[in-house]
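The values are calculated or read from the model by the stated rules, or taken from the named source; none is laboratory data. Everything quoted here is computed from the prediction, not taken from an experiment. Cβ sites come from the backbone with ideal geometry, for glycine too, and all protein chains shown count toward neighbours. Surface accessibility is based on the protein's heavy atoms, side chains included, excluding ligands, DNA and RNA. Shrake-Rupley method; radii C 1.70, N 1.55, O 1.52, S 1.80 Å.
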Amino acid sequence: MELEKRENQVPKVEVKRIVDGLGFGEGNISYLERIDQVGPVKLDAVETAINSGSLLVPVDYDPTGQQIDDDGCGDGRVWRRVFHGSTEKFRSLIRPKVFGGGVTMAMAMDVGLGKSDNDNLQSAFSMAINNMNHKGIDFGGHTDRHSEAPNCGCGAIDKAPQIIGNIARYSHEIKQTIESLGVNSDGLNEVLTNFNSFAQSSAEDKSYAGSTVMGEVLKQQKVVKELDGTHNEMFVVLNEVSGHTIDQEKVRQLSDGDIQIFVVDTWRLKDIAERLNDNDTSAVQNQAYLSALVYTLGVAATLTKGDLPVYTVNHLAKPVAA
Ligand SMILES: [Zn+2]
(Lines give C-alpha, C1' and ligand atoms only; values in the text may rest on other atoms or scores of the structure.)
Protein backbone atom coordinates (compact mmCIF):
# COMPACT_ATOMS: atom_id res chain seq x y z
CA MET A 1 0.00 0.00 0.00
CA GLU A 2 2.75 2.39 1.06
CA LEU A 3 4.76 1.45 -2.00
CA GLU A 4 1.76 1.86 -4.27
CA LYS A 5 1.11 5.31 -2.81
CA ARG A 6 4.71 6.35 -3.41
CA GLU A 7 4.77 4.98 -6.94
CA ASN A 8 1.68 7.00 -7.72
CA GLN A 9 3.60 10.08 -6.66
CA VAL A 10 6.04 9.75 -9.57
CA PRO A 11 5.12 12.78 -11.63
CA LYS A 12 4.77 13.15 -15.37
CA VAL A 13 8.00 14.49 -16.75
CA GLU A 14 9.49 16.03 -19.82
CA VAL A 15 12.95 14.80 -20.82
CA LYS A 16 15.12 16.85 -23.17
CA ARG A 17 18.53 16.18 -24.65
CA ILE A 18 19.97 19.68 -24.36
CA VAL A 19 23.40 19.11 -25.92
CA ASP A 20 25.40 16.26 -27.48
CA GLY A 21 28.30 17.34 -25.28
CA LEU A 22 29.28 20.36 -23.22
CA GLY A 23 32.09 21.01 -25.73
CA PHE A 24 34.72 21.68 -23.09
CA GLY A 25 36.65 19.39 -20.78
CA GLU A 26 40.08 17.91 -20.19
CA GLY A 27 39.21 14.70 -18.32
CA ASN A 28 39.34 11.04 -19.39
CA ILE A 29 35.66 10.11 -19.21
CA SER A 30 34.35 10.08 -22.78
CA TYR A 31 31.20 9.16 -24.65
CA LEU A 32 32.70 9.13 -28.14
CA GLU A 33 35.64 6.92 -27.18
CA ARG A 34 33.35 4.24 -25.81
CA ILE A 35 30.45 4.04 -28.24
CA ASP A 36 32.04 1.35 -30.46
CA GLN A 37 33.02 -0.79 -27.51
CA VAL A 38 29.60 -0.53 -25.85
CA GLY A 39 27.62 -1.04 -29.04
CA PRO A 40 24.26 0.27 -30.24
CA VAL A 41 22.00 -2.20 -28.38
CA LYS A 42 23.03 -1.15 -24.87
CA LEU A 43 23.24 2.51 -25.84
CA ASP A 44 19.76 2.36 -27.27
CA ALA A 45 18.37 0.63 -24.17
CA VAL A 46 19.81 3.30 -21.89
CA GLU A 47 18.82 6.25 -24.07
CA THR A 48 15.28 4.90 -24.38
CA ALA A 49 15.07 4.57 -20.61
CA ILE A 50 16.38 8.11 -20.05
CA ASN A 51 13.96 9.54 -22.62
CA SER A 52 10.96 7.67 -21.23
CA GLY A 53 11.30 9.35 -17.83
CA SER A 54 11.00 5.92 -16.22
CA LEU A 55 14.35 6.25 -14.45
CA LEU A 56 12.85 8.83 -12.13
CA VAL A 57 12.47 7.42 -8.60
CA PRO A 58 11.38 9.01 -5.31
CA VAL A 59 14.02 9.63 -2.68
CA ASP A 60 13.70 7.08 0.14
CA TYR A 61 11.86 7.70 3.41
CA ASP A 62 13.19 7.34 6.94
CA PRO A 63 11.35 5.26 9.58
CA THR A 64 9.36 8.35 10.69
CA GLY A 65 7.90 8.76 7.18
CA GLN A 66 10.03 11.78 6.20
CA GLN A 67 12.06 11.82 3.02
CA ILE A 68 15.70 11.49 3.97
CA ASP A 69 17.57 14.77 3.98
CA ASP A 70 21.10 13.69 3.26
CA ASP A 71 22.59 13.29 -0.19
CA GLY A 72 25.31 11.55 -2.14
CA CYS A 73 27.52 12.18 -5.15
CA GLY A 74 26.39 11.95 -8.78
CA ASP A 75 29.21 9.50 -9.56
CA GLY A 76 27.76 6.65 -11.66
CA ARG A 77 29.86 3.77 -10.36
CA VAL A 78 28.52 0.78 -8.44
CA TRP A 79 28.58 0.80 -4.62
CA ARG A 80 30.08 -2.11 -2.68
CA ARG A 81 29.82 -1.04 0.94
CA VAL A 82 27.91 1.61 2.86
CA PHE A 83 28.99 3.10 6.17
CA HIS A 84 27.08 5.26 8.60
CA GLY A 85 29.98 6.74 10.54
CA SER A 86 31.99 3.63 11.39
CA THR A 87 29.00 1.24 11.24
CA GLU A 88 28.60 -0.81 8.08
CA LYS A 89 25.08 -0.84 6.59
CA PHE A 90 23.72 -3.50 4.29
CA ARG A 91 21.38 -1.51 2.16
CA SER A 92 21.93 1.59 0.07
CA LEU A 93 19.03 4.03 0.28
CA ILE A 94 17.98 6.26 -2.60
CA ARG A 95 19.30 9.77 -2.01
CA PRO A 96 19.45 12.98 -4.00
CA LYS A 97 22.75 13.43 -5.82
CA VAL A 98 25.03 16.41 -6.23
CA PHE A 99 28.70 16.24 -7.17
CA GLY A 100 30.84 15.60 -4.10
CA GLY A 101 27.75 15.45 -1.83
CA GLY A 102 26.12 18.50 -0.24
CA VAL A 103 29.22 19.69 1.56
CA THR A 104 31.10 20.16 -1.72
CA MET A 105 28.24 22.28 -3.04
CA ALA A 106 28.19 24.28 0.20
CA MET A 107 31.92 24.97 -0.31
CA ALA A 108 31.22 26.02 -3.92
CA MET A 109 28.44 28.36 -2.76
CA ASP A 110 30.75 30.08 -0.27
CA VAL A 111 33.42 30.53 -2.95
CA GLY A 112 30.92 31.81 -5.52
CA LEU A 113 29.41 34.24 -3.03
CA GLY A 114 32.88 35.50 -2.07
CA LYS A 115 32.42 34.28 1.52
CA SER A 116 35.57 32.12 1.54
CA ASP A 117 37.91 34.99 2.28
CA ASN A 118 40.86 33.01 3.54
CA ASP A 119 41.65 31.50 0.09
CA ASN A 120 42.40 28.14 1.57
CA LEU A 121 40.50 25.25 0.06
CA GLN A 122 40.92 22.93 3.03
CA SER A 123 39.39 25.48 5.38
CA ALA A 124 36.70 26.31 2.80
CA PHE A 125 35.57 22.66 3.08
CA SER A 126 35.79 22.75 6.91
CA MET A 127 33.71 25.92 6.93
CA ALA A 128 31.16 24.27 4.62
CA ILE A 129 30.82 21.28 6.99
CA ASN A 130 30.23 23.68 9.90
CA ASN A 131 27.70 25.71 7.92
CA MET A 132 25.75 22.60 6.88
CA ASN A 133 25.67 21.40 10.49
CA HIS A 134 24.70 24.83 11.77
CA LYS A 135 21.74 25.02 9.36
CA GLY A 136 20.73 21.40 10.05
CA ILE A 137 21.25 20.22 6.48
CA ASP A 138 22.30 16.59 6.27
CA PHE A 139 24.81 15.37 3.68
CA GLY A 140 26.76 12.29 2.64
CA GLY A 141 29.67 11.30 0.48
CA HIS A 142 31.69 8.45 -0.92
CA THR A 143 35.14 6.96 -1.15
CA ASP A 144 36.29 4.30 -3.59
CA ARG A 145 37.95 1.00 -3.11
CA HIS A 146 41.43 1.83 -4.28
CA SER A 147 42.07 5.43 -3.31
CA GLU A 148 44.70 6.37 -0.77
CA ALA A 149 45.64 9.67 0.85
CA PRO A 150 45.83 12.41 -0.34
CA ASN A 151 42.81 11.18 -2.33
CA CYS A 152 39.48 9.96 -0.95
CA GLY A 153 38.08 8.56 -4.22
CA CYS A 154 35.53 11.29 -4.98
CA GLY A 155 36.73 13.32 -7.97
CA ALA A 156 34.60 16.34 -7.09
CA ILE A 157 36.53 16.56 -3.78
CA ASP A 158 39.98 15.22 -4.72
CA LYS A 159 40.27 17.38 -7.80
CA ALA A 160 38.80 20.52 -6.21
CA PRO A 161 41.96 22.61 -6.93
CA GLN A 162 41.88 21.63 -10.64
CA ILE A 163 38.09 22.10 -10.77
CA ILE A 164 38.38 25.66 -9.46
CA GLY A 165 41.24 26.27 -11.93
CA ASN A 166 39.09 24.93 -14.77
CA ILE A 167 36.17 27.14 -13.75
CA ALA A 168 38.47 30.12 -14.29
CA ARG A 169 39.78 28.63 -17.54
CA TYR A 170 36.35 27.78 -18.99
CA SER A 171 34.38 30.63 -17.44
CA HIS A 172 33.11 31.79 -20.83
CA GLU A 173 31.85 28.30 -21.79
CA ILE A 174 30.39 27.74 -18.33
CA LYS A 175 28.52 31.03 -18.55
CA GLN A 176 27.08 30.12 -21.95
CA THR A 177 25.98 26.69 -20.74
CA ILE A 178 24.24 28.08 -17.65
CA GLU A 179 22.47 30.70 -19.73
CA SER A 180 21.29 27.96 -22.12
CA LEU A 181 19.68 26.12 -19.20
CA GLY A 182 17.15 28.93 -18.91
CA VAL A 183 17.85 29.63 -15.23
CA ASN A 184 17.87 33.11 -13.70
CA SER A 185 21.50 34.12 -14.34
CA ASP A 186 21.45 37.46 -12.49
CA GLY A 187 24.73 37.78 -10.63
CA LEU A 188 26.47 35.03 -12.60
CA ASN A 189 29.34 37.34 -13.63
CA GLU A 190 30.01 38.16 -10.00
CA VAL A 191 30.00 34.45 -9.10
CA LEU A 192 32.52 33.69 -11.86
CA THR A 193 34.71 36.61 -10.76
CA ASN A 194 34.72 35.26 -7.20
CA PHE A 195 35.74 31.78 -8.45
CA ASN A 196 38.43 33.41 -10.55
CA SER A 197 39.98 35.30 -7.67
CA PHE A 198 39.80 32.23 -5.43
CA ALA A 199 41.55 30.22 -8.18
CA GLN A 200 44.33 32.79 -8.38
CA SER A 201 44.89 33.26 -4.68
CA SER A 202 44.75 29.54 -3.83
CA ALA A 203 46.79 28.33 -6.83
CA GLU A 204 50.08 28.13 -4.92
CA ASP A 205 48.62 26.17 -2.00
CA LYS A 206 49.64 22.52 -2.49
CA SER A 207 48.62 21.32 0.96
CA TYR A 208 45.01 20.41 0.09
CA ALA A 209 43.96 16.74 0.44
CA GLY A 210 40.57 15.21 -0.42
CA SER A 211 41.26 12.47 2.15
CA THR A 212 41.33 15.14 4.89
CA VAL A 213 37.89 16.41 3.75
CA MET A 214 36.49 12.87 3.83
CA GLY A 215 38.06 12.28 7.26
CA GLU A 216 36.08 15.27 8.53
CA VAL A 217 32.87 14.03 6.85
CA LEU A 218 33.28 10.59 8.45
CA LYS A 219 33.80 12.21 11.87
CA GLN A 220 30.33 13.77 11.46
CA GLN A 221 28.79 10.25 11.41
CA LYS A 222 27.53 10.72 7.85
CA VAL A 223 26.56 8.04 5.35
CA VAL A 224 29.57 7.35 3.14
CA LYS A 225 29.45 4.78 0.35
CA GLU A 226 32.45 2.88 -0.96
CA LEU A 227 32.32 2.74 -4.77
CA ASP A 228 34.11 0.30 -7.01
CA GLY A 229 35.14 -0.30 -10.60
CA THR A 230 35.99 2.06 -13.41
CA HIS A 231 34.23 5.21 -14.55
CA ASN A 232 31.91 4.25 -17.43
CA GLU A 233 29.69 7.31 -17.43
CA MET A 234 28.35 8.15 -20.89
CA PHE A 235 25.53 10.60 -20.11
CA VAL A 236 24.82 13.45 -17.73
CA VAL A 237 21.26 13.83 -16.41
CA LEU A 238 20.19 17.04 -14.67
CA ASN A 239 17.00 16.36 -12.72
CA GLU A 240 14.77 19.22 -11.63
CA VAL A 241 11.89 17.11 -10.23
CA SER A 242 11.95 17.72 -6.51
CA GLY A 243 11.95 14.79 -4.07
CA HIS A 244 13.11 12.50 -6.86
CA THR A 245 16.31 11.29 -8.41
CA ILE A 246 17.48 9.17 -11.33
CA ASP A 247 17.99 5.42 -10.92
CA GLN A 248 21.67 4.85 -11.70
CA GLU A 249 21.44 1.17 -10.75
CA LYS A 250 18.86 0.60 -13.48
CA VAL A 251 21.24 2.07 -16.08
CA ARG A 252 24.00 -0.31 -15.02
CA GLN A 253 21.52 -3.21 -15.18
CA LEU A 254 20.35 -2.29 -18.68
CA SER A 255 23.92 -2.25 -19.96
CA ASP A 256 25.62 -5.01 -17.93
CA GLY A 257 27.59 -2.26 -16.20
CA ASP A 258 29.04 -0.91 -19.46
CA ILE A 259 27.12 2.35 -19.18
CA GLN A 260 26.85 4.59 -16.15
CA ILE A 261 25.33 8.04 -15.86
CA PHE A 262 26.25 11.14 -13.93
CA VAL A 263 23.20 12.47 -12.09
CA VAL A 264 22.76 15.93 -10.63
CA ASP A 265 19.52 16.71 -8.82
CA THR A 266 19.35 20.44 -9.47
CA TRP A 267 16.38 20.82 -7.07
CA ARG A 268 18.70 19.66 -4.28
CA LEU A 269 21.20 22.38 -5.24
CA LYS A 270 18.40 24.94 -4.88
CA ASP A 271 17.32 23.36 -1.60
CA ILE A 272 20.84 23.66 -0.16
CA ALA A 273 21.28 27.19 -1.59
CA GLU A 274 18.07 28.40 0.07
CA ARG A 275 18.52 26.70 3.44
CA LEU A 276 22.19 27.63 3.75
CA ASN A 277 21.42 31.27 3.00
CA ASP A 278 18.04 31.47 4.70
CA ASN A 279 18.86 34.86 6.24
CA ASP A 280 19.75 36.34 2.86
CA THR A 281 17.71 37.68 -0.03
CA SER A 282 16.39 35.47 -2.81
CA ALA A 283 18.97 37.15 -5.08
CA VAL A 284 21.79 35.84 -2.87
CA GLN A 285 20.14 32.42 -2.69
CA ASN A 286 19.99 32.35 -6.47
CA GLN A 287 23.67 33.32 -6.69
CA ALA A 288 24.43 30.43 -4.34
CA TYR A 289 22.49 28.15 -6.70
CA LEU A 290 24.44 29.52 -9.67
CA SER A 291 27.68 28.87 -7.78
CA ALA A 292 26.67 25.23 -7.38
CA LEU A 293 25.87 24.97 -11.10
CA VAL A 294 29.23 26.57 -11.92
CA TYR A 295 31.08 24.03 -9.75
CA THR A 296 29.02 21.18 -11.24
CA LEU A 297 30.13 22.21 -14.74
CA GLY A 298 33.69 22.61 -13.45
CA VAL A 299 33.55 18.98 -12.24
CA ALA A 300 32.30 17.87 -15.67
CA ALA A 301 35.11 19.83 -17.36
CA THR A 302 37.69 18.20 -15.11
CA LEU A 303 36.48 14.60 -15.18
CA THR A 304 35.14 14.32 -18.75
CA LYS A 305 36.21 15.18 -22.26
CA GLY A 306 33.11 17.34 -22.64
CA ASP A 307 31.50 14.90 -25.08
CA LEU A 308 28.84 13.32 -22.86
CA PRO A 309 25.28 14.07 -24.02
CA VAL A 310 23.39 16.08 -21.39
CA TYR A 311 19.70 15.53 -20.58
CA THR A 312 17.34 17.52 -18.40
CA VAL A 313 14.32 16.05 -16.61
CA ASN A 314 11.57 18.52 -15.70
CA HIS A 315 7.96 18.44 -14.61
CA LEU A 316 5.75 18.23 -17.66
CA ALA A 317 4.29 21.69 -18.12
CA LYS A 318 0.60 21.61 -17.22
CA PRO A 319 -1.67 22.19 -20.21
CA VAL A 320 -3.40 25.55 -20.13
CA ALA A 321 -7.04 25.09 -19.11
CA ALA A 322 -9.49 25.73 -21.92
ZN1 LIG B 1 32.05 11.75 -6.10
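Some observations on this one:
- If R0 is 30 Å, the Cβ-Cβ spacing of D228 and N118 corresponds to a FRET efficiency of close to 0.25.
- Loop-located trypsin sites (Lys or Arg not before Pro) in region 184-232 (DSSP state other than H, G, I, E, B) with a sparse environment of at most 11 neighbouring Cβ atoms within 10 Å: K206.
- Rounded to the nearest 10 Å², the accessible area of E249 at probe 1.4 Å: 80
- Cα gyration tensor, the chain - rounded (a/c under 1.5), prolate or oblate: rounded
- For region 35-44, putting each phi into the Karplus relation 6.51 cos²θ - 1.76 cosθ + 1.60 with θ = phi - 60° gives couplings of 5, 5, 5, 6, x, x, 5, 5, 4, 5 Hz, in residue order, rounded to whole numbers and with x for Gly and Pro.
- Amide H contacts under 5 Å for N239: V264, D265, T266, V313, restricted to partners 5 or more places along the chain or on a different chain, H placed in the peptide plane at 1.01 Å from N.
- Of all DSSP beta bridges confined to the chain, the antiparallel ones make up roughly 55%.
- Taking the accessible area of the chain, probe 1.4 Å, and keeping the other protein chains in place, the carbon and sulfur fraction comes to 48%.
- Contact order relative to length of region 98-157, as percent, for alpha carbon pairs under 8 angstrom and 6 or more apart: 41
- Put simply, the Cα atoms of region 242-322 extend 47, 45, 20 Å along their principal axes, the longest span coming first.
- Net charge of Cβ neighbours under 14 Å - reference G21; Lys, Arg +1; Asp, Glu -1: -3
- Taking a sphere under 15 Å around the Cβ of P150 and counting the other residues whose Cβ falls inside, with K and R at +1 and D and E at -1, yields a net charge of -3.
- For G210, neighbours were defined as the other residues whose beta-carbon sits under 12 Å from its Cβ, and their charges (Lys and Arg +1, Asp and Glu -1) total -3.
- Per-peptide packing, taken as the mean over residues of other Cβ atoms within 10 Å, places 270-282, 235-247 in the sequence 235-247, 270-282 from highest down.
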